[in-house]
Amino acid sequence: MEDIIKEYEKSTQGHKISIKQKDYINILIKEIIDPKEKERYSLINVELLNKLEIFNLIGELKKIIPANMHYLTSLYHRFTNYHIKKLLKKSHDQFIITQYDAELILKTPDKFSNWMKEHPIRSEEYWEYGWQENAIFPDGKMEYLKFYDMMMLDYDGFTYEELCNHLKLFDKYRFRIYKSYEGFHVFIISDPIHYNSERCMVLSKALLSDIHYNIFCSKTGFKVRLTAKPGRKEDKLYEYISDVGNGETNELCEYLIKIHDKFINLK
């Protein structure tokens, strides 16, 4: 370890900040809103900073300057104010979206990275059953059921009445509601909707479902966990409650719902 530290210290000695780095830092400082903060950062002699200090300074600045128009446009194209507030865990309505906030939201979360390893047991055209490597589950295995063309939405923090009232605003669709441990799973069963389609993203945004699950689905498909989480008493993972909406059940969705109900009743 000491050798590694010495090697790093050696590599940072005599480091000269590049013109691009200097210009970028100056641009960030100009975007600071608070006059006192702007003055404080303007007094820093960036010529004396090493690589790590430059990196840390840029990180600090991104946390206090507002997101630029490019980031804001990307954010509001994909998410509602409700989703942005939830992702940033803001308890109040008036807040500034910083450059750091925007990058954090638009970056794919770590838990959705490519290292997530799945082991399909049965893979069909429209659905898949298998297990996923996950250390928190017994034997490191989490069983799952995945759909590619039957959209699922995940809701936490809604009462059943609130959820029904919200879904009724979209009454041309037909929704099938299941109670889960912390909330509700809702399937759209009137229209086949592919997991990474533009329509899926638009509906996810409008229907105010869990944004983390929406992002997850756009990468993998609509996945249902079939293994109870350790420490929870989940005798029944999901329980059917009701259908909502005036849309007629689509033939493919009806077939997939039967598969879903068969698997959850086996658990």
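The values are calculated or read from the model by the stated rules, or taken from the named source; none is laboratory data. All values derive from a computational prediction rather than experimental measurement. When we count neighbours, we look across all protein chains shown, and the Cβ atoms used for this are built from the backbone with ideal geometry, even at glycine. These accessible areas exclude ligands, DNA and RNA; they are computed on the full protein's heavy atoms, side chains included. Shrake-Rupley method; radii C 1.70, N 1.55, O 1.52, S 1.80 Å.
With a 1.4 Å probe and every protein chain kept in, tell me what percent of the accessible surface of the chain is carbon plus sulfur.
52
Across 10 Å bins from the origin, how do the percents of Cα pairs in the range 175-214 run, short distances first?
Binned Cα distances yield the sequence 26, 59, 15.
How fast does the chain diffuse by Stokes-Einstein, in µm²/s, taking the Kirkwood radius from C-alpha pairs at 10 °C and 1.306 mPa s?
Here the translational diffusion coefficient equals 73 µm²/s.
Please state, to two decimals, what the Cα-based radius of gyration of the range 114-185 comes to when divided by 2.2 N^0.38 Å (N = residues).
This ratio for the range 114-185 stands at 1.40.
To make sure I understand the rule: partners must be lysines, Cα under 22 Å from the Cα of Lys233, and not fewer than 8 residues away in the same chain. Which ones qualify?
Lys141, Lys179, Lys223, Lys262, Lys267
From the mean inverse distance of alpha carbon pairs (Kirkwood) and the Cα radius of gyration, derive Rg over Rh for the range 177-254.
Ratio of gyration radius to Kirkwood radius: 0.97.
Rounded to the nearest 0.05, what FRET efficiency is calculated for Arg199 and Tyr240 with R0 set to 30 Å and r the Cβ-Cβ distance?
0.75
For the range 134-267, divide the Cα radius of gyration by the Kirkwood radius and give the resulting Rg/Rh value with two decimals.
0.95
Averaged per residue, what accessible surface does the chain expose to a 1.4 Å probe, in Å²?
60
Would you work out which of Ile105, Leu75, Leu48 lies farthest towards the positive end of the dipole of the chain? Charges go on Cβ: Lys and Arg +1, Asp and Glu -1.
So the residue we want is Leu48.
With the crude spin-label approximation of a point 7 Å out along Cα→Cβ, what separation in nm comes out for Glu124 versus Lys258?
Here the answer is 0.9 nm between the modelled labels.
P(r) tail for the range 16-71, what percent of Cα pairs lie past 15 Å?
Tail fraction, whole percent: 45.
To the nearest 20 Debye, how big is the dipole of the range 131-267 about its Cα centre, given +1 on the beta carbon of each Lys and Arg and -1 on that of each Asp and Glu?
That gives the range 131-267 a dipole magnitude of about 260 debye.
Express the relative contact order of the chain as a whole percentage, based on alpha carbon pairs under 8 Å and six or more residues apart in sequence.
Once divided by the residue count of the chain, the mean separation gives 17 percent.
To the nearest 20 Debye, how big is the dipole of the chain about its Cα centre, given +1 on the beta carbon of each Lys and Arg and -1 on that of each Asp and Glu?
400
Please list, short to long, the whole-number percent of alpha-carbon pairs of the range 58-216 in consecutive 5 angstrom bins beginning at zero.
1, 7, 14, 17, 18, 16, 13, 9, 4, 1
Once the mean 1/r over all distinct Cα pairs of the range 145-219 is inverted, what Kirkwood radius in angstroms do you read off?
Value: 12.4 Å, from the Cα pair sum.
Report, in degrees rounded to the nearest 10, the 0 to 90 angle that the Cα long axis of helix 51-62 makes with the longest principal axis of the chain.
60
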